[in-house]
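No lab work stands behind these numbers, since they all come straight from the coordinates. The shown structure was predicted, so the numbers you read here are calculated from the model rather than taken from an experiment. Ideal geometry is used to build each Cβ from the backbone, glycine not excepted, and the neighbour counts take in all protein chains shown.
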Amino acid sequence: MPRDTWLLFRHQLRLTLGGWFGLVFGVLQPVLNLVLFGPLLGTYLGHDSWQVFVPGVLIQLSLLSPGLAGFGILFDARFGVLERLRVTPASRLALLLGRVLTNTVVLLGQAVLVIAVGAAFGFRVPVAGLLIGLALLVPLAAGLAALSYAFALTLRRQELFAPLSSTFVVPMLLLSGALLPMSAAPGWLDAVSRATPFRYGVEALRAAFAGRYASGTLTAGLAVSVVFAVAALTIGTRTFTRRHS
Amino acid sequence: MDHVIEARGLAKSFAGADAVRGVDLTVRAGEIVGFLGPNGAGKTTTLRMLTTLLRPTAGTATVAGHDLIADPAGVRRRIGYVAQGGSTNPSCTALQELVLQARLYRTPDAPARSRDLLAEFDLADRPIGSMSGGQRRRLDIALGVVHRPAVVFLDEPTTGLDPQSRSALWDHVRRLRDRHGTTVFLTTHYLDEADALCDRVLIIDRGRVVEEGSPEELKARLGGDVVTLEISGDVPHARSALAGLASVREVRVTGRTLRLTVAPGDRILIELTRALDAAGVEPLSIQHTRPTLDDVFLALTDREAAARAA
Ligand SMILES: Nc1ncnc2c1ncn2[C@@H]1O[C@H](COP(=O)(O)OP(=O)(O)O)[C@@H](O)[C@H]1O
Ligand SMILES: [Mg+2]
């Protein structure tokens, strides 16, 4: 199983990196957000606006990139690649995990790029905080990608996948407080926001980047991310293996 | 192990609709067997069950020595499957797909094996999106046999290909069996394909195997030979002279032309001309044609329709 996962990961990763077009456009929106929206935010939040905004953009990236991962498997299903792989002895779990691993690694690459662009604008982060922050993105991205694959294989309709996924991902993004801090929200909105895992991700990321490693916020964020990943991967693998018995 | 595929009562229904209704099959090692039937007959569904992709609603099967239900992983290791709609990512190159496939089967020296297959199937390592339909189909088959399976399942291997690509592909399929002893189980809705390629043909219609035999046997049993005669004189008289012969099964008359369905045999023309001589009838022309599988198919569907009407 680990060997098959590794083989499929390498194959998928090479394909993804070969398709530079998709890769660049995947990261373009968050970077544009940073460039066109970030400076404006400075007027409201003062000089440390980048410290608030860069973690938000990273969460935006983590929602958009793995959240639409399922699109790729529908493409493979349409071309018969998925069925071909299913007749090989490769473990069913590896067929899913190889892809999830690719999405996670690609996301980490994109995140580093976003941080580099942020640094050019004056965003500063301690090395330990950076590493903790990137580690925090891993379970969020992996869990979301697994859910996205499960959803795509249940839906099986390429033309419906993107609109339906956006209907889920965009509210998650707004509720996470990634773009504007939830501290300004009315009570009910704050409560709804606290029911979504990405809210904790954003806050933990901000804590890590600010060097507040001992804070409860960081611990809570890591715990929520890991619980989310375990639940999502369980649902993902169940759906995947059931559809692929 | 002489029987590579042995299926009993294989059936599949989708939401109450029966796609396959109790198929029995036996395929021996080294055979090329054709599953012939019109669209919607249940060919793909049967193949997807035999290749572990679909769980049968009923029935049992042993494929390449492993039980389909109890040991699907064992079946997968020993079979190859080439799906009807293709199996490759257009943005990959041929070699990328072959090497991945070879590694997933743990084939020793995957890159070398992949390059051998490119040569064997007359392919270059190009992006798959830039390949012709025939090249892509050959790559599909190469992917299905990377691991030298005991049996390869081909679902409509030549549908949509031009005549040259079709006959090139047939050569490759024959070579798989002749050189490597691979058992081939293919589906087709082309009678000429079954005729050209298969040692044995199973005809499937509405989810059931309705006839089985070598192409020759089927033609002899169901088609019969056809003799077309043109008569100058008394047509009804000629008709009654010929209809009485033991080897004549059926006579149809259109104008001055008699179309006879006869038992296959080399002496049939001599017999017919003698009978016409004795009756004092002069034939203007006489033509003897061997049946095609098309005739078999028509005869079968006529028979089925008659059985349903009764
Ligand atoms: N996944 C499915 N869901 C519902 N019906 C199906 C499905 N697959 C096939 N069928 C039906 O089963 C019958 C046999 O289909 P198929 O095996 O694809 O035929 P063939 O390959 O001989 O053209 C058809 O009536 C088809 O509509
Ligand atoms: Mg079919």
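Observations, loosely collected:
- For the stretch B:194-279: rounded, prolate or oblate by the Cα gyration tensor [a/c cutoff 1.5]: prolate
- Treating r as the C-beta distance of B:Asp178 and B:Asp18 and R0 as 45 Å, the FRET efficiency rounds to 0.75.
- Sequence ranges A:137-149, B:50-62, ranked by mean other-Cβ count within 10 angstrom, highest first: A:137-149, B:50-62
- Every pair of different Cα atoms in the stretch A:141-245 enters the Kirkwood calculation, which places the hydrodynamic radius at 15.1 Å.
- Distance between the C-alpha centres of the stretch A:49-115 and the stretch B:203-244: 62 Å, rounded to the whole angstrom.
- Inter-centroid distance (Cα atoms) of the stretch A:131-167 relative to the stretch B:121-184, Å: 36 Å
- With θ taken as phi - 60° and the Karplus curve 6.51 cos²θ - 1.76 cosθ + 1.60 applied, the whole-hertz 3J(HN,Hα) list for the stretch B:18-31 is 7, 8, 10, 10, x, 9, 9, 9, 9, 10, 8, 4, x, 7 Hz, x standing for glycine and proline.
- Size of chain A: Rg and Dmax of its alpha carbons, in Å, are 18.1, 58.
- Global form of the stretch A:114-163, assessed from the alpha-carbon gyration tensor, a/c cut-off 1.5: oblate
- For the stretch B:113-158: rounded, prolate or oblate by the Cα gyration tensor [a/c cutoff 1.5]: oblate
- Antiparallel beta bridges, as assigned by DSSP with both residues in chain B, represent about 70 percent of the total such bridges.
- A cut-off of 5 Å between modelled amide H atoms, ignoring neighbours fewer than 5 places along the same chain, links B:Val23 with B:Gly9, B:Leu10, B:Ala11.
- Distance cut-off 21 Å, percentage of C-alpha pairs in the stretch A:1-113 lying past it: 46 percent
- Orientation-averaged projection of the stretch A:132-188 equals 5.4 nm² [convex hull of Cα atoms, one quarter of hull surface area].
- For chain B, modelled as a GNM whose springs connect Cα atoms under 10 angstrom apart, the maximal fluctuation among B:Val201, B:Val281, B:Val248 occurs at B:Val281.
- The Rg/Rh ratio for the protein assembly as shown, using Cα coordinates for both the radius of gyration and the Kirkwood hydrodynamic radius, is 1.17.
- Distant-in-sequence amide contacts of B:Val210, defined by a placed amide H-H separation under 5 Å and a gap of 5 or more residues or a different chain, comprise B:Ile203, B:Ile204, B:Asp205.
- Here, P(r) means the percent of Cα pairs in each 10 Å bin from 0 to the largest distance; for the stretch B:249-305 it is 17, 49, 25, 9.
- Calculation over all alpha carbon pairs of chain B in 20 angstrom steps from 0 returns a P(r) of 29, 46, 21, 4 percent.
- Rg/Rh ratio calculated on Cα atoms of the stretch A:69-131 (Kirkwood radius): 1.22
- Label-point gap, in nm, between B:Asp71 and B:Thr289 - each point 7 angstrom along Cα→Cβ: 5.1 nm
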